[in-house]
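**Student:** Supplied in structure tokens, the structure appears directly below.
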Amino acid sequence: AKKRSMALRVPEPRSRTTKTSLSRRLSAMRFLPASGWSGAAMTAEALLCRYFLHDNVGDRTAGEASRMILSQQPGNSEVNFYYWYYATLAMYHVGGDAWTAWNRSLTSTLLELQVSQGQHAGSWNPSGVWSGYGGRVYSTAMATLCLEVYYRYARPQ
């Protein structure tokens, strides 16, 4: 089956406003607590939104965002399925060595965390940030979504 990029139609004035806002926040990585934006999760989300809006991200911005995201890759930080999901999508769109490093870390960490025996075999325990709210279903769904990114989205050309 041929992969196609999701075509989301956003009215031009709204799209322009959103792109401008995201560009300001993502450019030069201004995700600082003082600005109300902070952390690798918000960086991953903003980067992904810019890709989804077909905004010209540029090598410099993608590189800065990638370095921030890679500084908190799975296995080197607290379990955070929410962050891992958005970071996985963003890094998949970045591609190259950054994606390879992220995917290697993510895959090995998720496989290590997956329950392998007993009645919950195949699932992920509700551990880490946000998992307490959604439980085992949330953790398992988010981990699975991370692992199937290759099949859900076409990488931008």
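**Student:** Under 6 Å by Cβ, and 6 or more places apart or on different chains, what pairs join a residue from segment 38-50 that is part of a helix (DSSP H, G or I) with one that is modelled with pLDDT under 85 and not small (Gly, Ala, Ser)?
**Tutor:** Pairs found: 42/31; 43/31; 46/22; 46/25; 46/26; 49/22; 50/22; 50/57.
**Student:** Okay, next question. How many residues does segment 112-157 contain that are among the small types (Gly, Ala, Ser) and over 21 Å from residue 91 (Cβ atoms)?
**Tutor:** Kept after step one, since they are among the small types (Gly, Ala, Ser), are these residues of segment 112-157: 116, 118, 121-123, 127-128, 131-132, 134-135, 139, 141, 143, 154.
Retained after the next criterion (residues that are over 21 Å from residue 91 (Cβ atoms)): 116, 118, 121-123, 127, 131-132, 134-135.
The qualifying residues number 10.
**Student:** Another one. Only residues in segment 57-82 that are within 18 Å of residue 147 (Cβ to Cβ) count as the first member; pair them with residues that are among the polar types (S, T, N, Q), Cβ under 6 angstrom, at least 6 apart or cross-chain, and list the lot.
**Tutor:** 73/105; 74/105; 74/109; 75/105; 75/109; 79/127; 81/139
**Student:** So which residues in segment 102-148 are part of a helix (DSSP H, G or I), of a type in the set (Ser, Thr, Tyr) and modelled with pLDDT under 95, if there are any at all? Give the derivation first.
**Tutor:** The first filter runs over segment 102-148 and keeps only residues part of a helix (DSSP H, G or I), leaving 102-113, 131-147.
In the following step, the residues that additionally are of a type in the set (Ser, Thr, Tyr) were identified as 105, 107-109, 131, 133, 138-140, 144.
If the condition is that a residue be part of a helix (DSSP H, G or I), of a type in the set (Ser, Thr, Tyr) and modelled with pLDDT under 95, then 131, 133 are the ones that fit.
**Student:** Report yes if residue 61 is at pLDDT 80 or above, part of a helix (DSSP H, G or I), among the β-branched types (Val, Ile, Thr) and in contact with a Phe, Trp or Tyr (Cβ under 9 Å, 6 or more places away or on another chain), otherwise no. It would help to see each step written out before you state the result.
**Tutor:** On the way: at pLDDT 80 or above: yes; part of a helix (DSSP H, G or I): yes; among the β-branched types (Val, Ile, Thr): yes; in contact with a Phe, Trp or Tyr (Cβ under 9 Å, 6 or more places away or on another chain): no.
No.
**Student:** Still on this model: Restricting attention to segment 110-148, report how many residues are surrounded by 15 or more Cβ atoms within 10 Å (Cβ to Cβ), out of contact with any Phe, Trp or Tyr (no Cβ under 8 Å at 6 or more places or on another chain) and of a type outside the set (S, T, N, Q).
**Tutor:** 3
**Student:** Take residue 151 and tell me if it is assigned to a helix (DSSP H, G or I) and either without any contact (Cβ under 8 Å) to a residue 12 or more places away in the chain or under 18 Å from residue 40 (Cα atoms) (or both).
**Tutor:** Yes; evaluated as a whole, the condition is true for this residue.
Residue by residue, here is whether (1) within 18 Å of the chain's Cα centre (by Cα); (2) aliphatic (A, V, I, L, M) holds:
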position	(1), (2)
60	no, no
65	yes, yes
70	yes, yes
77	yes, no
82	yes, no
93	yes, no
100	yes, no
106	yes, yes
123	no, no
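The values are calculated or read from the model by the stated rules, or taken from the named source; none is laboratory data. This is a predicted model, so every value here is computed, not measured. Cβ: placed from backbone, ideal geometry, glycine included. Neighbour counts: every protein chain shown.
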